[in-house]
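Have a look at the structure below, then the notes.
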Amino acid sequence: MFNVAPSAESNRVDRSTPISPASSYFAQTSLKELGHLSVPQRSYEFVARRPDGTIFMGQSRAPAVALFENAFSAFARGTLVQTTNGEIAVEDLQPGDHILDVDGQPSPVLWIGSSSFIPADTGRRTPLVRVMADSFGQGRPSGFPTFGPAARVLHTPMAMRGDQSPKPVLTSLYDLIDGINIIEISPPTPVQLFHLCLKRHSVVCVNGLELETYHPGQNTLRDIPLHMRDKLLSMFPHIKKLDDFGPLNYRRAVQVRTPAA
């Protein structure tokens, strides 16, 4: 996807400043405190298609906290995304490729983000999730895909299945870990993770599962410092303001579990 493959060194977390325990790997650091904590920095890469059709590739360093990492940590390298040209590995997607949403409608990829996550940098295991084949039904998923902590699947929670008209909601795959069909894994080597943006918040088919595209959330950015919002916006050159992400088109379940240390 990028001109230069990200090296382990370039994506290594910068620990030159003291690290608060609250800001360890993928911790849900309080967004209000981001302006006051010394947190590790991570390198993030992105490529986007601007409204005029030009392609922009960039790299940025930002705090290694959920605000930024959630935008780059849904799909592991090798996961297959359904496009108008069949399934394509996420690392081979290009801006302008047309992805099929859950309703079968094509939409062009506008942004692809990526970063390498190195377990040794954080002093804790990498919270990845592997889903066994057919865990959600025949071909759902196909193969044994691996997902990052930002991955949410369109799913009807068990507690809602008795409702007269149950509606699926976006549920963190981490909340669905059962140790049999959906398991947490801790790879010993760097793992490249990706996320995608379409024109609007969507659900797309990844290895036969329905997973969401990136959206920062309706209220995520409300209370964070302005300079942090500007930093996040700078990583999305296909939009001019954060409101351009549009509405959150699918309801998200509240995440119950967080990766344990």
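Things worth noting here:
- Counted by neighbouring Cβ atoms within 10 Å, the residues ASP52, ASP175, ASP243 run from fewest to most as ASP52, ASP243, ASP175.
- Legend: calculated FRET efficiency, ILE185 to ASP92, from the Cβ-Cβ distance at R0 = 22 Å, rounded to 0.05, equals 0.45.
- Under-5 Å amide H pairs with SER202, H placed in peptide plane, nonlocal only: THR213
All of the numbers you see were taken from the coordinates with simple rules; none came from a lab. A quick note: this is a predicted structure, and the numbers were derived from the prediction, not measured. Neighbour counts run over all protein chains shown; Cβ positions are idealised from the backbone, glycine included.
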